[in-house]
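The values are calculated or read from the model by the stated rules, or taken from the named source; none is laboratory data. Source: prediction; values computed, not measured. Please note: Cβ atoms are built from the backbone with ideal geometry, for glycine as well, and neighbour counts cover all protein chains shown. Accessible surface is based on the protein model in full, side chains and every heavy atom, while ligands, DNA and RNA are left aside. Shrake-Rupley method; radii C 1.70, N 1.55, O 1.52, S 1.80 Å.
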Amino acid sequence: MKDDKRLKRRVRNSYIVSNISIALVLFLLGSVGYLMTAAMQVARTLQESVTVTVELRNGADEGQKESLRKRFEANELVSHVEYSSKDDKLNDADFRQMFEQEFEAILEENPLLDSFELTLSANSADPDKLETFIAQTAELDGVDRVSYPAQTVERLHATIAKIRLVLLLFGGALLVISLILLNNTIR
């Protein structure tokens, strides 16, 4: 009789411990999964924060500018296109603040160029695609120069690739450990 009660108590305690351990493992797995998803979204947001400046030659007509805009918007590496005329840049208060005096009085004309600001998409993570896009853009008719932070972009994509690899390895290892724990607990 005593052994029967003792056995029932042990079985009941093992069920409680099993349920608690399964709940904790599933909670931990869900939390890590959520953190991995959030980290991947932050990585994607960082990849989409790179801006390429395409400066146009003086004298480019409106048809040429519109043609370039459509071409940029159609490209898979570009997520957003914004046009800035040289007059808009000249009248920008932040730009004016960098110079203490009126530089157009000295130069007699506006030295700035019309430009497009291209915000890249996450597809630009492939360095070959990005270099090809930059080279093709620089060759377009009406484009004076193309500039972007090349070293920063390279470091950013390399760091994001490492972070993704570490997160995937960590998540995979946690998943395997969780499955082993659940398997042992169920037995």
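Points to keep in mind about this one:
- Here the spin labels are modelled as points 7 Å beyond Cα on the Cα-Cβ line, and at LYS5 and SER18 they lie 2.4 nm apart.
- Length gained when the stretch ASN123-LEU179 is fully extended (0.36 nm per residue, less Cα-Cα span): 16.7 nm
- Projected area averaged over orientations for the chain, convex hull of C-alpha atoms, nm²: 16.9 nm²
- From helices alone, the chain scores -23000 deg cm²/dmol at 222 nm; the rule is -39500 (n - 2.57) for each run of n ≥ 4 DSSP H residues, then divide by the residue total.
- Share of alpha-carbon pairs per 5 Å distance bin for the stretch 10-84, given as whole %: 3, 11, 13, 12, 9, 7, 7, 6, 6, 5, 5, 4, 4, 3, 2, 2, 1, 0
- FRET efficiency for TYR34 and LEU140, using Cβ-Cβ distance with R0 set to 45 Å, rounded to 0.05: 0.55
- Coil-residue GluC sites (Glu not before Pro) of the stretch 1-79, DSSP, other Cβ within 10 Å capped at 14: GLU76
- The distance between label points at GLU48 and LYS162 comes to 2.5 nm (points 7 Å beyond Cα on the Cα→Cβ vector).
- Accessible-area composition of the chain, carbon plus sulfur, in percent [1.4 Å probe]: 57 percent
- The simple Förster model, with R0 at 30 Å and r as the Cβ-Cβ distance, assigns ASP61 and SER147 a FRET efficiency of 0.85.
- In the frame of its principal axes, the stretch 110-152 has Cα extents of 36, 20, 17 Å, reported largest first.
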